[in-house]
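Below you'll find the structure, written out as structure tokens, and then a few comments.
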Amino acid sequence: QVQLVESGGGLVQPGGSLRLSCAASGSIFRVYAMGWYRQSPGKQRELVAAITSGSSTTYAVSVKGRFTVSRDVAKTTVFLQMNSLKPEDTAVYYCNADIQPRLQLPRGDFWGQGTQVTVSS
């Protein structure tokens, strides 16, 4: 069984920084792309940043230059360094990963439980 466990959310003042982490664990044969989405009340979930197994990255226009997505050497943990945070960054942040649990099984889309990020003075 695959699990994605997030950590690092919290309350921060505008202009501050936070670092989110998401670790994949369980029965894992291979992890492909990993990324972060966010959802605020009344809005659709949106892609924030993603990183492929080859370390190519994609960012939402609204966070480019402020957020950095990265992975550990084992490629089972993804990080999101968030700098120069703004009130509009407030949302629940979800980790997402494209994982093949076993060689005999197809790839699937997995989600973390979400972590709240609140940017407020």
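Going by what's in this entry, would residue 89 be described as more than 12 Å from the chain's Cα centre (by Cα), of a type in the set (Asp, Glu), surrounded by 22 or more Cβ atoms within 10 Å (Cβ to Cβ) and closer than 17 Å to residue 47 by Cα? Here the answer is yes, as residue 89 does meet what is asked.
Could you check how many residues of the range 105-121 are in contact with a strand residue (DSSP E or B) (Cβ under 9 Å, 6 or more places away or on another chain) and assigned to a loop (DSSP other than H, G, I, E, B)? Please lay out each step first, then the result.
Within the range 105-121, the first condition is being in contact with a strand residue (DSSP E or B) (Cβ under 9 Å, 6 or more places away or on another chain), and the residues that meet it are 106-120.
Among the residues that remain, those that are also assigned to a loop (DSSP other than H, G, I, E, B) are: 106-107, 112-114, 120.
Residues in the range 105-121 being in contact with a strand residue (DSSP E or B) (Cβ under 9 Å, 6 or more places away or on another chain) and assigned to a loop (DSSP other than H, G, I, E, B): 6 in total.
Results for (1) without any contact (Cβ under 8 Å) to a residue 40 or more places away in the chain; (2) closer than 18 Å to residue 47 by Cβ; (3) open to solvent by 40 Å² or more (accessible area, probe 1.4 Å), shown as yes or no for each residue.
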site: 62; (1), (2), (3): yes, yes, yes
site: 74; (1), (2), (3): yes, no, yes
site: 77; (1), (2), (3): no, no, no
site: 83; (1), (2), (3): no, no, yes
site: 109; (1), (2), (3): yes, yes, yes
site: 118; (1), (2), (3): no, no, yes
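The values are calculated or read from the model by the stated rules, or taken from the named source; none is laboratory data. Because the structure is a prediction, the values reported are computed rather than measured. Because the Cβ atoms are built from the backbone with ideal geometry, glycine has one as well, and the counts that use them run over all protein chains shown. Just so you know, the surface numbers come from the protein's heavy atoms only, side chains and all, with ligands and any DNA or RNA stripped out. Shrake-Rupley method; radii C 1.70, N 1.55, O 1.52, S 1.80 Å.
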